1. Mind telling me which of the residues B:56, B:81, B:41 ends up being modelled with pLDDT of 95 or more and closer than 19 Å to residue A:99 by Cα?
2. Looking only at residues that are within 12 Å of another protein chain (Cβ to nearest Cβ) and in a loop (DSSP other than H, G, I, E, B) in region A:26-75, which one is farthest from the chain's Cα centre (by Cα)?
3. Kindly establish whether residue A:79 is near DNA strand D (Cβ under 8 Å from one of its atoms), within 14 Å of chain B (Cβ to nearest Cβ) and closer than 24 Å to residue B:36 by Cα.
4. Just to be sure, is residue A:91 more than 20 Å from residue B:94 (Cβ to Cβ), more than 10 Å from DNA strand D (Cβ to nearest atom) and either modelled with pLDDT under 95 or more than 14 Å from the chain's Cα centre (by Cα) (or both)?
5. With the checklist (1) closer than 22 Å to residue A:95 by Cβ; (2) at pLDDT below 95; (3) surrounded by 14 or more Cβ atoms within 10 Å (Cβ to Cβ) in hand, flag the one item residue B:106 doesn't pass.
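The values are calculated or read from the model by the stated rules, or taken from the named source; none is laboratory data. Remember, predicted model here, so these are calculated numbers, not experimental data. Heads up, the Cβs are rebuilt from the backbone with ideal geometry, glycines too, and the neighbour counts pull from every protein chain shown.
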DNA sequence: TGCACGCATGTCGAGTTTGACATATTCTGC
DNA sequence: GCAGAATATGTCAAACTCGACATGCGTGCA
């Protein structure tokens, strides 16, 4: 239940592989963060695919641009609930969701 | 963001297929509820498999028996976050999580 | 019958997540 | 370089979720 600075740091500067080999995170915490980052990534992709701005999706999911930015950043203040609901709101199916969870994330810089 | 009576009713008496063809739910609400019920089901299964009581898992995940019961019931007061974290705490992998999301639920009474 | 055990349901104060707003930073074409 | 658009970051009151507790319900069993 502890959500704090640490995660804020990790989420920043995420590279390809697993997050935080360096900070002492329990396996389940690590899984949770990894999952969140994958959902964040999946969300951003879907938005790009549709050529929408953050403000556009914000309208679509009845949220705000700033929250969308936080979602995509995997911010600690964003729940998986919100990410999942937003993906659904953008027309993602459960099967696609499963793929997002399973498939590897892609690094920002190729 | 509206979570209320309706869902409480639907979650109760869940049959095999999709939830609520009868109540007017938007596709994304339906997907969200269906997802929650699948996670709830997956969680219950995993617990049964390990032959643990609700009180046991509650201890394991540092929660309470009542919350575990609500989790398994897909109660509106339970977030997907909590379900996912609990599954991870019970040793579920992301791949298994994806399967739980994809595979069909199983009815209580065969 | 009485009782212990496992599960379900309602409630509540404390803690977390939310949309919104203000503002800063980065990006893009000119 | 500059303006405008897109995105990022900090903050906050309102809304929601949390663990905990009390209590109800069914089942087995002595």
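1. On the way: B:56 fails: closer than 19 Å to residue A:99 by Cα; B:41 fails: closer than 19 Å to residue A:99 by Cα.
Only one candidate qualifies: B:81.
2. Here the residue is A:26.
3. Working: near DNA strand D (Cβ under 8 Å from one of its atoms): yes; within 14 Å of chain B (Cβ to nearest Cβ): yes; closer than 24 Å to residue B:36 by Cα: yes.
In short, yes.
4. Details: more than 20 Å from residue B:94 (Cβ to Cβ): yes; more than 10 Å from DNA strand D (Cβ to nearest atom): yes; either modelled with pLDDT under 95 or more than 14 Å from the chain's Cα centre (by Cα) (or both): yes.
Considered against the rule, which asks whether it is more than 20 Å from residue B:94 (Cβ to Cβ), more than 10 Å from DNA strand D (Cβ to nearest atom) and either modelled with pLDDT under 95 or more than 14 Å from the chain's Cα centre (by Cα) (or both), residue A:91 comes out as yes.
5. It fails just one condition, (3).
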